[in-house]
Amino acid sequence: MHQTQPSLFAKLMTLFAGVALSGAALAATPAAANPTPQVEIKTSMGDIVVELNHDKAPKSVDNFLTYVKSGFYKGTIFHRVIDGFMIQGGGFDEKLKQKKTNPPVPIESQNGLTNNTYTLAMARSGDPNSATSQFFINVADNDALNYPGRDGFGYTVFGKVIKGQEVVDKIKGVLVDDKGIFQNIPVIPVVIKSATILKTPIQPKL
């Protein structure tokens, strides 16, 4: 049953249901040498640079970097976009085929980081410890996603956008529609061309 304008709580309950729970063996992941590694996400609408917080969310950051280093995100899309809420991606390709993931990582939502505008967080299903490859960027201050949230767990923030906020703003405003099991999917795919760790850190754009 689809409601034309679901409540925020309804959105939260259905937003991350597409996260894959089955996956391949997880490769050993060393702790990040840099406590604030930066990753450039090149998309079909422009480039975004995120700075990760290994001190506050070590498991989530190591998990994300494992996918980045393997090239997993190349060709994936932002498959759910809700202006005034968030943009979500990192799990499906342009044909809407879900990619096989590594095992999930434990939730780290009690780390003191909050789901404010332009922060990067892990997507998950109703199981608090189900986050795999999918992530979302908040496009509003989403206090309801902070620990303990409406479900007693909240959502793990593990980084923030430090460059390309205007690209995030462009993505959040694209035309969306419902298609099969997907709700709020961009009519014209927003594709992640690559995600790479920056060897030379940049200064955050204020």
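Values in this text are rule-based calculations from the coordinates and carry no lab data. Fair warning: this is a prediction, and the values are worked out from it, not measured in the lab. FYI the Cβ positions are ideal-geometry reconstructions off the backbone, even for glycines, and counts take in every protein chain you see.
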Original post:
Between Asp93 and Phe182, 0.36 nm times their residue separation minus their Cα-Cα distance comes to what?
Top reply: 30.7 nm
**OP:** Between Gln110 and Asp141, take the C-beta separation as r, use R0 = 25 Å, and let me know the FRET efficiency to the nearest 0.05.
**Re:** 0.85
Subject >> Sites matching trypsin sites (Lys or Arg not before Pro) across the range 132-194 that sit in DSSP coil, with at most 15 neighbouring C-beta atoms within 10 Å >> reply: Arg150
Original post:
Pulled fully out, how much extra length does the chain show between Gln203 and Asp55, if you take 0.36 nm times their separation in residues and subtract their Cα-Cα distance?
Top reply: 51.4 nm
Original post:
Residues with amide H under 5 Å of Lys163's amide H, sequence separation 5 or more or different chain, H placed in the peptide plane at 1.01 Å from N; which?
Top reply: Val49, Lys205
**OP:** Write down Rg/Rh for the range 154-198, rounded to two decimals, with Rg from the C-alpha atoms and Rh from the Kirkwood relation over Cα pairs.
**Re:** 1.03
**OP:** Please report the relative contact order for the range 49-143, taking Cα pairs under 8 Å with a sequence separation of at least 6, and give it as a percent rounded to a whole number.
**Re:** 29
Subject >> Sites matching GluC sites (Glu not before Pro) across the range 41-149 that sit in DSSP coil, with at most 16 neighbouring C-beta atoms within 10 Å >> reply: Glu94
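Which order do Ser133, Ser70 fall in if you start with the one that has the fewest other Cβ atoms within 10 Å?
Ser70, Ser133
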**OP:** Report ³J(HN,Hα) in whole Hz for each residue of the range 146-161, in order, from the Karplus equation J = 6.51 cos²θ - 1.76 cosθ + 1.60 where θ = phi - 60°; Gly and Pro get x.
**Re:** 6, 4, x, x, 7, 10, x, 10, x, 10, 6, 8, 9, x, 8, 7
**OP:** Could you tell me what % of all Cα pairs in the range 112-206 have separations over 24 Å?
**Re:** 30
Original post:
Using a simple spin-label model with points 7 Å from Cα along the Cα→Cβ vector, what separation in nm is obtained for Ser70 and Asp169?
Top reply: 3.6
Original post:
Residues with beta-carbon under 10 Å from that of Val61, excluding Val61: net charge, scoring Lys, Arg +1 and Asp, Glu -1?
Top reply: -1
**OP:** May I ask you to list the trypsin sites (Lys or Arg not before Pro) in the range 93-148 that are in a DSSP loop and have at most 14 other Cβ atoms within 10 Å of their Cβ?
**Re:** Lys95, Lys97, Lys100
